[in-house]
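See structure below.
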Amino acid sequence: MILGVALVRPSPVLVAVRDGAPEWPVSRVAARAAARACVAVDLGDVPTAAVAAIRVGGPCPEALRPRVGSGTATIVRGGHSLTGRVLAPLDTEAVRRFAATCGLSDFAVTATGSPMLADHELAVAAIIAAEVPQARITLSYEFGHPGLREREEATIRNAALGPEAGRIADEAARELPGVPVFFARSGGGLVSAHYFRRYPLACDLGGTASLARGRVALPGVPGEVAAAYGAAIGRPEAQVERIVQARGRAELDRVLQDARDEALTRVVSAGALPGSARIAETTVNPLSYLPDGLYRVRVTAEGAMP
């Protein structure tokens, strides 16, 4: 039996799925006997943590600084162009000083040009980890958006959601001891609890996506039931988005294969059986407003449940 869970107020709605057929309500005893649990939740209204944001790049007007709400932010020298050229050496001392004195443990790091070359973000992460051993660090290159502000805001939100995602995952583990727990992605599919803790932004609208899927399969049932069912019928899925540079078809094929390999690795991390992982979709779009040979690549991988 697969358990679908819609995390709604005042209490979760549970739906058991056997051979594709839904049953509800579900007792706690029956829920704890599930082969796996698939959770649908929207994170739009959950509490968020204060974030320490580090932007690696050039100076900017006050209005264009990182937006962190109750958190704090700094801009340090460094970054790359989208062709991989170093714009300035990374100011490691400024990073170290900020990490040591900001008083926060949730960090969001965004470097100019990191979708092409993430070296400065990785270097910043290493400094933070040395200064704040308990830090949770989100790096913007993992989100792939070419625009700095869009990527930075996604990175900050992922970092802000991290503690609450951890609490939700912990609560699910306590309520369903021994049951593997998965969470619905905003774009469809499921991810493991471990992946959800690391990339909660991927599940920001997981409840909404599950509701849409469930309503197609079960028209006329209550929305919470449809959302729980929609989560239960999902399968592990992960996506990689990158900006790549390739001069010629052979080089493009090579970087595409690298992106596909990363997507396959991610979907296994998201909970898929390793032997079942496959590429579901690959999209390649040239960035016509930038130098020739730059492409935006998006690869989606999926796999079977354990």
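Antiparallel versus total DSSP beta bridges in the chain: what percent is that, nearest 5?
Around 55 percent of the beta bridges assigned by DSSP in the chain are antiparallel ones.
So how far, in whole Å, is the C-alpha centre of segment 261-306 from the one of segment 57-123?
The distance from the Cα centre of segment 261-306 to that of segment 57-123 comes to 27 Å.
GNM on the chain, C-alpha springs below 10 Å: top fluctuator among A250, A209, A63?
A63
Going toward the positive end of the dipole of segment 1-100, with +1 on Lys and Arg Cβ and -1 on Asp and Glu Cβ, which of A6, A88, A40 do you reach last?
Of the options given, the answer is A88.
With everything on Cα atoms, drop me the angle between helix 148-175 and the longest principal axis of the chain, reported from 0 to 90° to the nearest 10.
30
Can you grab the distance from the C-alpha centre of segment 1-27 to the C-alpha centre of segment 127-176, Å, no decimals?
29
Could you work out which residue, out of A259, A184, A35, moves most in a Gaussian network model of the chain, that is, has the largest mean-square fluctuation with Cα springs under 10 Å?
Largest GNM mean-square fluctuation: A35.
Note down the magnitude of the dipole of the chain about its Cα centre, charges +1 on Lys and Arg C-beta and -1 on Asp and Glu C-beta and zero elsewhere, to the nearest 20 debye. If you can, show how the numbers build up before the last one.
On the way: 33 positive and 31 negative charges, 32 e Å.
The dipole magnitude comes to about 160 debye.
Counting alpha carbon pairs within less than 8 Å and at least 6 residues apart, what relative contact order, in whole percent, applies to the chain?
18
Amide H of T138 versus every other amide H placed in the peptide plane: which residues, excluding those fewer than 5 positions away on the same chain, fall under 5 Å?
Sorted by chain and number, the residues that satisfy this are F107, A108, V109.
Hey, rough spin-label estimate for T283 and E171, points 7 angstrom out along Cα→Cβ, what's it come to in nanometres?
So the two model labels end up 3.3 nm from each other.
Mind checking the full-extension length gain between A250 and R67? Use 0.36 nm per residue of separation minus the Cα-Cα distance, one decimal, nm.
Fully extending the segment from A250 to R67 adds 61.8 nm.
Using alpha-carbon pairs under 8 Å, 6+ residues apart, how would you state the relative contact order of segment 237-302 in percent?
Once divided by the residue count of segment 237-302, the mean separation gives 49 percent.
Given a 10 angstrom Cα cut-off, can you work out which residue in A159, A126, A40 is the most mobile in a GNM of the chain?
The residue that fluctuates most here is A126.
Using 0.36 nm per residue of separation minus the Cα-Cα distance, give me the extension gain between R28 and V216 in nm, one decimal.
64.9 nm
Could you give the size of the charge dipole of segment 52-160 about its Cα centre, using +1 on the Cβ of each K and R and -1 on the Cβ of each D and E, expressed in debye and rounded to the nearest 20?
140
Bear in mind these aren't lab numbers, they're just calculated from the coordinates by the rules spelled out. In this text the structure is predicted, and so the values were computed from the model without any measurement. Note that we place each Cβ from the backbone using ideal geometry, even for glycine, and neighbour counts take in every protein chain shown.
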